[in-house]
Amino acid sequence: DTEGLQRIKEENQKHYRRAQRHQEKKEKIQRHNRKLGDLVEKKTYDLKTQYEHLAKLRRTHILELTSVIFPIQEVKTSMRDPADVSSESDNAMTSSTVSKLAEARRTTYLSGRWVCDDHNGDTSISITGPWIILPNNGDYSAYYSWVEEKKTTQGPDMEHNNPAHTISAALCYATQLVNTLSLILDVNLPKKLCNRQVKTQQGNHEFCGENLSRHRFTRAVKKLNANILHLCFSQHVNLDLLHPLHTLRNLMYLVSPDTENLGR
């Protein structure tokens with residue numbers, strides 16, 4: 001029994017010495033982990049600082065881009081309410097007729113159905129200049145109406161101020177701006193839209209090439225609107241300001257100096 005007790009004591013001493021070595025290793029590992037934790041914290045802070053610096057640079061580049069090359073602003077059009085004009089010409093007009101005219105002015109026939117236009121049709125959004133504008137309500141029917149008319153009318157096109165020309169130019173500039181913004185912000189766009197004058201298997205690139213059919217035009221506009229909304233979501237633009245059909249207005253909110261997260 002004494003010999004057995006002695007062997008147990010010796011084994012316990014070996015285990016104790018081994019436990020001490022393990023404890024020293026544990027403390028060493030803990031010190032190493034604390035150093036790594038401090039290093040990671042410092043690197044994380046440095047990375048956050050670099051992200052903030054990069055966001056400021058992106059914001060500066062975007063604001064410079066949209067103030068010098070692609071200025072976007074709201075254009076007021078001086079249109080009188082038809083209800084007011086009619087009431088002036090006919091003093092006997094009833095109030096119900098006036099209200100019906102006002103309601104008619106607040107609606108727009110868009111893609112085969114009547115939609116409400118809160119902006120009353122008296123504003124447009126311009127890009128690169130006040131002469132290149134898009135309707136505020138997203139109604140681009142003037143473009144494919146003009147294309148259909150050109151199919152039946154022969155001869156050179158002398159209508160330089162045709163709304164279809166300004167719509168096509170505005171959408172082309174918007175596409176170019178969106179593609180440039182995606183590069184600056186390093187955000188991949190969900191839809192591919194070309195803004196270069198090149199030939200593809202489907203023909204010229206959207207908006208600035210040959211006249212598009214209604215189907216191709218509507219499809220290209222939907223892709224452009226989807227890309228703009230994607231950029232707005234990535235920069236945390238207030239969702240209450242966005243509308244899926246308001247192409248340039250959504251862009252205007254995106255590149256506005258009031259957008260706090262622009263450049264993230």
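Some notes on this structure:
- Hits in the stretch 217-264 (condition: more than 25 Å from Glu52 (Cβ to Cβ) and among the acidic types (Asp, Glu)): Asp240
- The stretch 112-141 residues that are within 23 Å of His215 (Cα to Cα) and part of a loop (DSSP other than H, G, I, E, B), paired with ones that are of a type in the set (A, V, I, L, M) and at pLDDT below 80 (beta carbon under 6 Å, 6 or more apart): Asp139/Leu110
- Selection count, the stretch 218-240, where residues are surrounded by fewer than 17 Cβ atoms within 10 Å (Cβ to Cβ), within 11 Å of the chain's Cα centre (by Cα) and not in a helix (DSSP H, G or I): 1
- Checking every residue in the stretch 39-48 against the condition of being more than 30 Å from Thr247 (Cα to Cα), at pLDDT 90 or above, within 27 Å of the chain's Cα centre (by Cα) and open to solvent by 60 Å² or more (accessible area, probe 1.4 Å) gives at least one match.
- Within the stretch 170-188, being under 13 Å from Ala226 (Cα atoms) and open to solvent by 40 Å² or more (accessible area, probe 1.4 Å) holds for one residue alone: Asn188.
- Each residue in the stretch 246-260 was checked for being more than 21 Å from Gly129 (Cα to Cα) and open to solvent by 60 Å² or more (accessible area, probe 1.4 Å), and 2 pass.
- Reported count of residues in the stretch 61-78, each being part of a helix (DSSP H, G or I) and exposed (fewer than 13 other Cβ atoms within 10 Å of the Cβ), is 3.
- Only one entry in His215, His160 is at pLDDT 80 or above, over 30 Å from Arg59 (Cβ atoms) and more than 19 Å from the chain's Cα centre (by Cα), namely His215.
- The number of residues in the stretch 121-142 being more than 12 Å from Leu248 (Cα to Cα) and of a type in the set (A, V, I, L, M) comes to 1.
The values are calculated or read from the model by the stated rules, or taken from the named source; none is laboratory data. On a predicted model such as this, the values are computed, not experimentally measured, just so you know. Positions of Cβ are generated from backbone atoms using ideal geometry, with glycine treated the same way; all protein chains shown enter the neighbour counts. Side chains included, ligands, DNA and RNA excluded: accessible areas come from the protein's heavy atoms. Shrake-Rupley method; radii C 1.70, N 1.55, O 1.52, S 1.80 Å.
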